[in-house]
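Encoded as structure tokens, the structure appears first; notes follow it.
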Amino acid sequence: MSTFTLLRLPSACRSTFFRTGARRPQSELRATTVSLEIPRTIRASRIALFPPSSSRHFRTSGDKSNPVVAGHQGLEDLKPISDTDHLSKSLRPYEPPTKGLLSKLPSAWVPYAELIRLDKPTGTYYLYFPCLFSTLLAAPFAVPMASPLSVVGTSLLFFSGALIMRGAGCTINDLWDRNLDPHVARTRLRPIARGAITPFNALAFTGVQLFTGLGILLQFPYQCLFYGIPSLLFVASYPLAKRVTYYPQFVLGLTFSWGLLWAFLYTSNVAWTVLYDMIYAHMDIKDDAKAGIKSIALRHDKQTKQILSGLAVTQIGLLAAAGVAAGAGPVFFVGSCGGAAVTLAIMIKKVNLKSVKNCWWWFVNGCWITGGVISTGLGADYLVRYVHEEIKDKDV
């Protein structure tokens, strides 16, 4: 019997219905109450939190007895909960942070810190590494060769920009996805999705972040403005790509690799971005399918490891081509290219694509493992060339 039909019954009939239900075994009671489903308009949206195939029962919001047993309480007090452990965990209410950096911030700041993923900096690191690669590879070409102090200063500027612009990107992404995030277990408690920040305030916050990013960009030569500002088109278009193509990771790759000025290095980093984000996409593959969100993981679920291997080969090949074009030495090819080949091979072999926790571990740690060895090789090659240049200048 539907909720609408039940509400139209006389009060005496409703009481009889509830009393009868109270005397029935629990297994039969679930079969009856499962028909008291959420409205059709909500079901049609394929909400991942309440899949049609899962069984449901109901409880009241307070400590009062179950309305099915009491018989006299209103149906408006009924709240659906899940019988499955997984779904019960996903339905936990929001809890303010009690540890870490966010717990030390004023409560009014916490939603905005969560919005820019301040407590989850891996995305910032992935955005920063391409800038660091480019800085280390380009440093020997400065005239005179850039000093280590200059390289460190430039790298810190890039890190500041990565922190700000990654936050802006997250805010824009959540604004686009504000009607999708509530339907995915992992994202339903994001600040905009749970109503802690209004879309208008989020939009104003985006403006503040973009102006801050502009201030950092102005610290570089003015020509960088013509290169940096167009990247906003990719920042804004990535959330839309998830709605129209199964390959939004390529758009993300074009965005996250924008800090690279070298053609071979740029395309190498695009391949790396698609690789690690394909692993990341496997964490939400079930919810994405129900919510209508597209990803390369959904399109090529059964061929993921083969695609990851192809992307790794592409990344390393283009990385080596960038080294050849830049005149890099053996330290780069052994450290950066060789190191990346080993770390990516281990990750692709060991990652369990069916485990959310394992995918997350490799996404977070793979950033430092692969990004770290590439940076180390580039940094060592730069220092070797810098020392060689210093010795040559002294001889002259």
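The values are calculated or read from the model by the stated rules, or taken from the named source; none is laboratory data. Bear in mind that the values here come from a model prediction, so they are computed numbers and not experimental data. Cβ coordinates were reconstructed from backbone atoms using ideal geometry, including for glycine residues, and neighbour counts include every protein chain displayed. The accessibility values were calculated without ligands, DNA or RNA, using every heavy atom of the protein model including side chains. Shrake-Rupley method; radii C 1.70, N 1.55, O 1.52, S 1.80 Å.
Checked against the criterion of being open to solvent by less than 20 Å² (accessible area, probe 1.4 Å) and either closer than 17 Å to Leu232 by Cα or free of Cβ contacts under 8 Å to residues at least 40 places away in the same chain (or both), the candidates Ser155, Ser150, Ser134 yield just one match: Ser155. For the stretch 163-178, the count of residues that are modelled with pLDDT under 85 and within 15 Å of the chain's Cα centre (by Cα) is zero. Residues that are among the β-branched types (Val, Ile, Thr), more than 21 Å from Lys294 (Cα to Cα), surrounded by fewer than 16 Cβ atoms within 10 Å (Cβ to Cβ) and out of contact with any strand residue (DSSP E or B) (no Cβ under 6 Å at 6 or more places or on another chain): does the stretch 191-201 have at least one? Yes, there is a match, as at least one residue in the stretch 191-201 is among the β-branched types (Val, Ile, Thr), more than 21 Å from Lys294 (Cα to Cα), surrounded by fewer than 16 Cβ atoms within 10 Å (Cβ to Cβ) and out of contact with any strand residue (DSSP E or B) (no Cβ under 6 Å at 6 or more places or on another chain). Of the residues making up the stretch 174-190, those that are surrounded by 20 or more Cβ atoms within 10 Å (Cβ to Cβ) and assigned to a helix (DSSP H, G or I) are Asp174, Asp181, Pro182, His183. Evaluation of Pro239 against the conditions (1) crowded, with 21+ Cβ neighbours inside 10 Å; (2) touching a residue at least 40 places away in the same chain (Cβ under 8 Å) shows that the sole unmet condition is (1). Could you tell me whether the stretch 385-392 includes any residue that is part of a helix (DSSP H, G or I) and either among the hydroxyl-bearing types (Ser, Thr, Tyr) or surrounded by 15 or more Cβ atoms within 10 Å (Cβ to Cβ) (or both)? Checking the stretch 385-392: at least one residue is part of a helix (DSSP H, G or I) and either among the hydroxyl-bearing types (Ser, Thr, Tyr) or surrounded by 15 or more Cβ atoms within 10 Å (Cβ to Cβ) (or both).
Pairing each residue of the stretch 216-233 that is within 20 Å of Tyr128 (Cβ to Cβ) with any residue that is assigned to a loop (DSSP other than H, G, I, E, B) and at pLDDT below 85, provided the two are 6+ apart or on different chains, yields C-beta distances under 7 Å for Ser231/Trp258. Restricting the stretch 253-271 to residues that are assigned to a helix (DSSP H, G or I) and within 18 Å of Pro140 (Cα to Cα), the residue that is least open to solvent (accessible area, probe 1.4 Å) is Leu265.
Taking the criterion of being part of a helix (DSSP H, G or I), within 18 Å of Ile164 (Cα to Cα) and under 18 Å from the mean Cα position of the chain (by Cα), would at least one residue in the stretch 208-221 satisfy it? No. When Leu225 is tested against (1) of a type outside the set (Lys, Arg); (2) within 24 Å of Pro111 (Cβ to Cβ); (3) assigned to a helix (DSSP H, G or I); (4) open to solvent by less than 50 Å² (accessible area, probe 1.4 Å), exactly one condition is not met: (2).
Yes/no per residue for (1) in contact (Cβ under 8 Å) with a residue 60 or more places away in the chain; (2) in a loop (DSSP other than H, G, I, E, B); (3) surrounded by fewer than 20 Cβ atoms within 10 Å (Cβ to Cβ):
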| site | (1), (2), (3) |
| --- | --- |
| Ile285 | no, no, yes |
| Lys290 | yes, no, yes |
| Lys302 | no, no, yes |
| Ser336 | no, no, no |
| Val342 | no, no, yes |
